[in-house]
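Okay, so here's the structure we're looking at.
The values are calculated or read from the model by the stated rules, or taken from the named source; none is laboratory data. A quick note: this is a predicted structure, and the numbers were derived from the prediction, not measured. For neighbour counting, all protein chains shown are included, and Cβ atoms are generated from backbone atoms with ideal geometry for every residue, glycine included. Keep in mind that these areas ignore ligands, DNA and RNA; they rest on the heavy atoms of the full protein, side chains included. Shrake-Rupley method; radii C 1.70, N 1.55, O 1.52, S 1.80 Å.
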Amino acid sequence: MFVTFLLSTMCPPTGQQTEQRHGDNESNDERMGPFPWSLGAIDAHCHPTDTMSSIASINEMRTRVLTIMSTRSQDQDLVLSVAAQQAVQNQTAFTEHSPEKVVPAFGWHPWFSHQLYDDTGDETTYDPNQDAEEQKTKHYTTVLSHTPDPEFIATLAAPRPLSGFIDETRRRLVSFPTALVGEIGLDRGFRLPQGWGPDEQPQRNEDITPGGREGRLLSPYHVNMTHQVQVFKAQLRLAGDLGRAVSIHGVQAHGVLFDALSSLWKGHEKEVISRRKERLVAVGAEDFSSSDEDDDDGGGASVKELGPFQPKPFPPRVCLHSFSGPPQMLKQYLNPTIPARVFFSFSMVVNLSSPGSETKFADVIRACPDDRLLVESDLHTAGHEADKMLEQIYRQVCKYKGWTLAIGLEKIRKNYVEFIFG
Ligand SMILES: [Zn+2]
């Protein structure tokens, strides 16, 4: 989730930079030629339900498919309602002009993780059978860093049970066979916004779905990592149980995020056979247990294929959205023993938002395997601006991959089909 006007202090607003980038990229754009929209451009992560008045424009958009995230209590039903009208049912939507343009994602974002209490284990921070005010204070005092003062707690709603959210999300995933789990994740950088002042709320923009920051000052409080991990892992397990993909947000939490995922696939790692071993098996010449290269987990290794889908404790396909780690971190997720297929998605608003970001972006794009790459707008509105941002990120990726636009669109569409359908 990147927010230009709602929630984030992590990234600067996009408007100005977008214009600047268009100038910078003019010659590159001319060289690459007009954008081949007819080949099917796909947005792997966006939030148009934050501006419901823009939803009608999805039909007129040139983007073929939008993957629409939910994040908090206020947008779950909105994503559901858009999905009910326009959800993609099968792969034909990716290749032909179709009124089905939406792949819905149901999930709870780490910025709102304090609004859930974990009732899935032996202990809970909130007991609905006890005094509500007392329990609310107990919950927020436990899950927020620093002890929040009573005035701040008063601005927060009573938390809802994680189990109830997981049950609801399970039902929604089952009713939309292409739906994924998202946006979920971990974030060490964010802080909760202050409550609305008495004069502020009447002035808020009614076009924007509530629950976001909307320019409010930030409090000193953030959600502790233990709680974020509990909420994150419960959703990862749900995705694993239903064989669905997940779209993941990770900010200043790369190590703990990798640890959370690996803790779920521990014991399910894939056996890796080195190429040398394969050759030896092929000629039947040698006892391959003697090879020193058996532990090779780098390139040059191949992997046993997974069998048909069975419920697992981890999601089978993962997208690290607006991936901002260095190439080295990307390689960590490509270890062939990892039993999930990890994709990396990139956006203009996060990956190319600051001066000097281009070198880092170029390095990571070149390091990203061609078959693991996705692109996204991460915008909070549908329409022309979202098309424009998606076109720009396609152009940037193709530039550093050395692809024509036609090749780039084709490869990324193929990757996306694999991400959704397995
Ligand atoms: Zn997002």
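Some points to look at:
- Taking every Cα-Cα distance in region 315-418 and sorting them into 10 Å bins starting at zero, the pair-distance distribution P(r) comes out as 15, 49, 31, 4, 0 percent.
- Once all protein chains are placed together, R62 keeps about 140 Å² accessible to a 1.4 angstrom probe.
- In percent, rounded to a whole number, the relative contact order of region 149-275 is 36, using alpha-carbon pairs under 8 Å and six or more apart.
- Packing here is the average count of other Cβ atoms within 10 Å per residue, and on that basis the peptides 157-163, 257-263, 411-417, highest first, run 411-417, 257-263, 157-163.
- Here the calculated FRET efficiency for D122 and D77, from their Cβ-Cβ distance with R0 = 25 Å, stands at 0.20, rounded to the nearest 0.05.
- Neighbourhood charge, 9 Å Cβ-Cβ cut-off, centred on L39 and excluding it, Lys, Arg +1 and Asp, Glu -1: +1
- Neighbours of E133 by Cβ distance under 15 Å: Lys/Arg scored +1, Asp/Glu scored -1, total -3.
- Within region 361-393: backbone nitrogen closer than 11 Å to the R62 label point (7 Å, Cα to C-beta): 384-385, 387-392
- Compared with the direct C-alpha span, the chain from V256 to F421 gains 56.6 nm at full extension, assuming 0.36 nm per residue.
- Each residue of region 118-135 was assigned a 3J(HN,Hα) from its phi angle through the Karplus expression (A = 6.51, B = -1.76, C = 1.60, θ = phi - 60°), giving 7, 10, 8, x, 6, 10, 9, 8, 8, 10, x, 8, 9, 4, 4, 5, 4, 5 Hz with x at Gly and Pro.
- Too-long pairs where the Cα-Cα distance tops 20 Å, listed order kept, from K277/K414; K233/K312; K331/K401; K312/K411; K233/K411: K277/K414; K312/K411; K233/K411
- Backbone phi angles across region 259-275, fed through the Karplus curve with coefficients 6.51, -1.76 and 1.60 (θ = phi - 60°), yield HN-Hα couplings of 4, 4, 5, 5, 5, 7, 9, 4, x, 10, 4, 7, 7, 10, 10, 6, 4 Hz in residue order; Gly and Pro are listed as x.
- Region 369-403-region 62-126 distance, computed between alpha-carbon centres (Å): 20
- Rg and Dmax [Cα atoms of region 80-233; Å; Rg one decimal, Dmax integer]: 18.2, 56
- Residue-span extension gain [T337 to D363] - 0.36 nm each, minus C-alpha spacing: 6.9 nm
- Each residue, S98 and S263, gets one label point 7 Å from its Cα in the Cβ direction; the gap between the two is 3.8 nm.
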